[in-house]
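J.: Once you've had a glance at the structure underneath, I'll fire off some questions.
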Amino acid sequence: MMLASVARRRIPAAVRSQAVRSQSTQVEKGTKGPIGTDGRHEIWREDIYDHDNEPKVKRRDGTYQSIEKLRGFLNYERNPEPYRPPLERVMDWGELNPPAEHQVHHTDIELKVQAARCMDCGTPFCQTHTGCPVNNLIPEWNNLVYNGQWAEAIDRLHKTNNFPEFTGRVCPAPCEGSCVAGLVDSPVTIKNIEYAIVDRAWKEGLITPRIPKERSGMTVAVVGSGPSGLAAADQLNQMGHKVTVYERADRIGGLLMYGIPNMKLEKETVERRVNLLREEGIEFITNANIGKNVDVNELRANYDALALCLGATKPRDLPVKGRELKGIHFAMEFLTANQKRLLMTKEGSLESRWEKENFITAAGKDVIVIGGGDTGTDCIGTSMRHRCKSITNFELMPQPPNERAPDNPWPQWPRVFGVDYGHAEVQAVFGQDPRVYSVMTKEFIGDGDGNVKALVTQDVEITRQGPKAIEGSEKEWPADLVVLSMGFLSPEEYIAGDLGLDLDQRNNIHAVYGDFRTSVEGVFAGGDCRRGQSLVVWAINEGRGLANACDQFLQHKRVEDVASAHRDGAFANLSSLSPNI
């Protein structure tokens, strides 16, 4: 096994011998494992009336014993909570995660078993730079869940992560890729446990408004209400500053509201957190397109600091023949139009108010999604719920290996083949995986009336100079709807241009990580507009870092303002009353 060979090369002899011994705990082929038909570890009670005590749980060796953590990663199997079945969830827009009453939802016993697999590893790579970008205290809250201390668990989780209900749903979990247990077995189900902690905390009323006891008198304008903007606003507000968040869309949330579809992140979940932030004192202003209907220099003049969390909203285009045809759309156009219509429908808006000219439907169409990643999968899932006729997903790169390649060792993020929720739904409905690897689009073909009806691809090979088209490999594919999901290049440039900000070589706003100051005093930048397209959890990391840098600036500015007032004699009449002024 390749992982074992990597472990042998890199682990000291004493640890290596333990890893070899641990293999004896694996279920032998042909024997029944500890996971029952209900998808959870099998349990056993002394008698039918014994419901007050914790049951014994089946281990890999077939015995039933009390749950224990000392050798948990050896005794129990990794068992992530599954999504709702594909043929069930594809019929609605509800979240993929099963509700508490669903038959596949994990019980408290199963969550304790999974938490017991978190080992005392000495150096928890899951919370280092190779794992969680916000440095979540994963071993700590895993242990608290194991001990049933749920209130303490949410407290530890919130110390590093402002929005665990977002990351617990949409994060690809790099922490699990660097889990030490993954060296010799499967990693701990960290993402599931995080989701369970925060979901339970909301239900039990453990998450309540935290009103800052003191105010600094300093004001900050945050432009953008995506994950980085909300994280920055939350941190700055708790530091005592007056924060106003400006959002150009009609609802707060940015990417969380319109870029991530409802089945992955229900919008009530976003609104619940935004309402909490509002109760804590943050002001939100929507339909404020800074640089368009609000002058950014005027905004800067009215606040002590300006935080830009604009995201990377400029999509990568595909400039080939026929690109001008109707029916070819960027992924965010497709996803945003769909989410707006869903929200209007849910709120009971009349059909006459729907933006029909902006709605993009995949119903009854041959759909092709160009580009992979999370956004590509979201476009696939959305098309499936529209009842598309067929769906195909093109990826430029070759199919990843089933196991880590030699140049992709632990604790790096494992670049391996996986099946995401959208792929599983296509497989369940159409009987095959939608992905086609190592292809590039050569041209789009129209129907004579300006609409796309097909596209032509070429197979590619990856060379040292990059992808190279293979001559004579052209193939035509029917397509009524083409969705371009090839990533994002940079933020839109009009705000940076109006402020005269320096940009880096990729046209992102130039600001050093950890400092977050731009080339203009009092203006800070964080999130995708600074680092480029990335994960929600990285956006939260950047928002928190930006807030720290901005707070230092505001504290210094406050001292300078007070000193200036002293010099100008503004406090002369108060000097006898307060020697501290």
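J.: Check whether at least one residue in the range 97-105 is among the β-branched types (V, I, T), out of contact with any Asp or Glu (no Cβ under 8 Å at 6 or more places or on another chain), more than 30 Å from W538 (Cα to Cα) and touching a residue at least 24 places away in the same chain (Cβ under 8 Å), and report yes or no.
T.: Within the range 97-105 (the criterion being among the β-branched types (V, I, T), out of contact with any Asp or Glu (no Cβ under 8 Å at 6 or more places or on another chain), more than 30 Å from W538 (Cα to Cα) and touching a residue at least 24 places away in the same chain (Cβ under 8 Å)), the answer is no, since none of the residues qualifies.
J.: Working only within the range 205-234, note down all residues that are in contact with a strand residue (DSSP E or B) (Cβ under 9 Å, 6 or more places away or on another chain) and surrounded by fewer than 22 Cβ atoms within 10 Å (Cβ to Cβ).
T.: Correct list: R215, S216, G217, T219.
J.: Need pairs with beta-carbon distance below 7 Å; first residue free of Cβ contacts under 8 Å to residues at least 60 places away in the same chain and over 16 Å from G514 (Cβ atoms) and within the range 119-136, second among the hydroxyl-bearing types (S, T, Y) and open to solvent by less than 40 Å² (accessible area, probe 1.4 Å); sequence gap 6+ or separate chains.
T.: N136/T160
J.: One residue is enough: does the range 236-243 have a residue meeting the conditions open to solvent by 10 Å² or more (accessible area, probe 1.4 Å) and in contact (Cβ under 8 Å) with a residue 60 or more places away in the chain? Walk me through how you get there before you give the answer.
T.: Going residue by residue through the range 236-243, those that are open to solvent by 10 Å² or more (accessible area, probe 1.4 Å) are 238-239, 242.
In the following step, the residues that additionally are in contact (Cβ under 8 Å) with a residue 60 or more places away in the chain were identified as 239.
Scanning the range 236-243 turns up at least one residue that is open to solvent by 10 Å² or more (accessible area, probe 1.4 Å) and in contact (Cβ under 8 Å) with a residue 60 or more places away in the chain.
J.: Looking only at the range 472-491, decide whether some residue is open to solvent by 80 Å² or more (accessible area, probe 1.4 Å), in a loop (DSSP other than H, G, I, E, B) and of a type outside the set (A, V, I, L, M, F, W, C).
T.: Within the range 472-491 (the criterion being open to solvent by 80 Å² or more (accessible area, probe 1.4 Å), in a loop (DSSP other than H, G, I, E, B) and of a type outside the set (A, V, I, L, M, F, W, C)), the answer is no, since none of the residues qualifies.
J.: Oh, and also: Give me a count of the residues in the range 506-523 that are over 22 Å from T219 (Cα atoms), assigned to a loop (DSSP other than H, G, I, E, B) and open to solvent by less than 10 Å² (accessible area, probe 1.4 Å).
T.: Quick first cut of the range 506-523, residues over 22 Å from T219 (Cα atoms) only: 506-510, 512-513.
When the remaining residues are screened for being assigned to a loop (DSSP other than H, G, I, E, B), the result is 506-508, 510, 512-513.
Checking the rest, the ones that are also open to solvent by less than 10 Å² (accessible area, probe 1.4 Å) come to 508.
Total satisfying the criteria: 1.
J.: Let me ask another. Looking at the range 246-263, can you tell me whether even one residue there is surrounded by fewer than 14 Cβ atoms within 10 Å (Cβ to Cβ), out of contact with any Leu (no Cβ under 9 Å at 6 or more places or on another chain) and touching a residue at least 12 places away in the same chain (Cβ under 8 Å)?
T.: Yes, there is a match, as at least one residue in the range 246-263 is surrounded by fewer than 14 Cβ atoms within 10 Å (Cβ to Cβ), out of contact with any Leu (no Cβ under 9 Å at 6 or more places or on another chain) and touching a residue at least 12 places away in the same chain (Cβ under 8 Å).
J.: Can I ask one more? Kindly evaluate R558 against the criterion of being open to solvent by 20 Å² or more (accessible area, probe 1.4 Å), modelled with pLDDT of 95 or more and either within 47 Å of the chain's Cα centre (by Cα) or aliphatic (A, V, I, L, M) (or both).
T.: Working: open to solvent by 20 Å² or more (accessible area, probe 1.4 Å): yes; modelled with pLDDT of 95 or more: no; either within 47 Å of the chain's Cα centre (by Cα) or aliphatic (A, V, I, L, M) (or both): yes.
Spelling it out, it is not the case that R558 is open to solvent by 20 Å² or more (accessible area, probe 1.4 Å), modelled with pLDDT of 95 or more and either within 47 Å of the chain's Cα centre (by Cα) or aliphatic (A, V, I, L, M) (or both).
J.: Right, next: Do we find a residue being modelled with pLDDT under 95 and touching a strand residue (DSSP E or B) at 6+ places or on another chain (Cβ under 6 Å) anywhere in the range 362-380?
T.: yes
J.: Pick from the range 524-540 the residues that are touching a strand residue (DSSP E or B) at 6+ places or on another chain (Cβ under 7 Å) and hydrophobic (A, V, I, L, M, F, W, C): which of them is surrounded by the fewest Cβ atoms within 10 Å (Cβ to Cβ)?
T.: F524
J.: I would also like to ask the following. Sort through E461, E425, E403, E474 and tell me the only one that's more than 23 Å from L87 (Cα to Cα), charged (D, E, K, R) and in contact (Cβ under 8 Å) with a residue 60 or more places away in the chain.
T.: Values: E461 fails: in contact (Cβ under 8 Å) with a residue 60 or more places away in the chain; E425 fails: more than 23 Å from L87 (Cα to Cα); E474 fails: in contact (Cβ under 8 Å) with a residue 60 or more places away in the chain.
Among E461, E425, E403, E474, only E403 is more than 23 Å from L87 (Cα to Cα), charged (D, E, K, R) and in contact (Cβ under 8 Å) with a residue 60 or more places away in the chain.
J.: Please work out if G418 is closer than 22 Å to Q533 by Cα, of a type in the set (G, A, S) and surrounded by 21 or more Cβ atoms within 10 Å (Cβ to Cβ). It would help to see each step written out before you state the result.
T.: On the way: closer than 22 Å to Q533 by Cα: yes; of a type in the set (G, A, S): yes; surrounded by 21 or more Cβ atoms within 10 Å (Cβ to Cβ): no.
Taking the combined requirement at face value, the residue does not satisfy it.
J.: While we're on this one: How about the range 433-466: which of its residues are closer than 23 Å to P400 by Cα, of a type in the set (D, E) and part of a strand (DSSP E or B)?
T.: D459, E461
J.: Which of the residues belonging to the range 492-505 are acidic (D, E) and surrounded by 14 or more Cβ atoms within 10 Å (Cβ to Cβ)?
T.: The first filter runs over the range 492-505 and keeps only residues acidic (D, E), leaving 492-493, 498, 502, 504.
Answer for the range 492-505, where residues must be acidic (D, E) and surrounded by 14 or more Cβ atoms within 10 Å (Cβ to Cβ): E492, E493, D498.
J.: Could you look through the range 446-467, keep only residues that are surrounded by 13 or more Cβ atoms within 10 Å (Cβ to Cβ), charged (D, E, K, R) and over 32 Å from the mean Cα position of the chain (by Cα), and pick out the one that is nearest to V223 (Cα to Cα)?
T.: Out of the qualifying residues, it is K453.
J.: Let me ask you something else. Looking only at the range 290-334, how many residues end up being surrounded by fewer than 20 Cβ atoms within 10 Å (Cβ to Cβ) and part of a loop (DSSP other than H, G, I, E, B)?
T.: Residues meeting the conditions: 14.
J.: Still on this structure: Among the residues of the range 433-445, which ones are hydroxyl-bearing (S, T, Y) and open to solvent by 20 Å² or more (accessible area, probe 1.4 Å)? Talk me through it step by step, then tell me what you get.
T.: Initially, the range 433-445 is screened for residues hydroxyl-bearing (S, T, Y), giving 437-438, 441.
Matches in the range 433-445: Y437, S438.
J.: Residues of the range 421-432 being in a helix (DSSP H, G or I) and open to solvent by 40 Å² or more (accessible area, probe 1.4 Å), which ones? First the steps, then the outcome.
T.: Start the filter on the range 421-432 by keeping residues that are in a helix (DSSP H, G or I), which leaves 421-430.
Answer for the range 421-432, where residues must be in a helix (DSSP H, G or I) and open to solvent by 40 Å² or more (accessible area, probe 1.4 Å): Q427, A428, V429, F430.
J.: Which of the numbered conditions does N275 fail, given that it passes all the others? Conditions: (1) within 23 Å of the chain's Cα centre (by Cα); (2) open to solvent by 40 Å² or more (accessible area, probe 1.4 Å); (3) within 19 Å of G240 (Cα to Cα); (4) touching a residue at least 12 places away in the same chain (Cβ under 8 Å).
T.: Every condition holds for N275 apart from (4).
The values are calculated or read from the model by the stated rules, or taken from the named source; none is laboratory data. The model shown is predicted, which means the values in this text are computed figures rather than measured ones. Don't worry about glycine lacking a Cβ; one is built from the backbone with ideal geometry, like all the others, and counts go over all protein chains shown. Heads up: the accessible areas ignore ligands, DNA and RNA and are worked out on the full protein's heavy atoms, side chains in. Shrake-Rupley method; radii C 1.70, N 1.55, O 1.52, S 1.80 Å.
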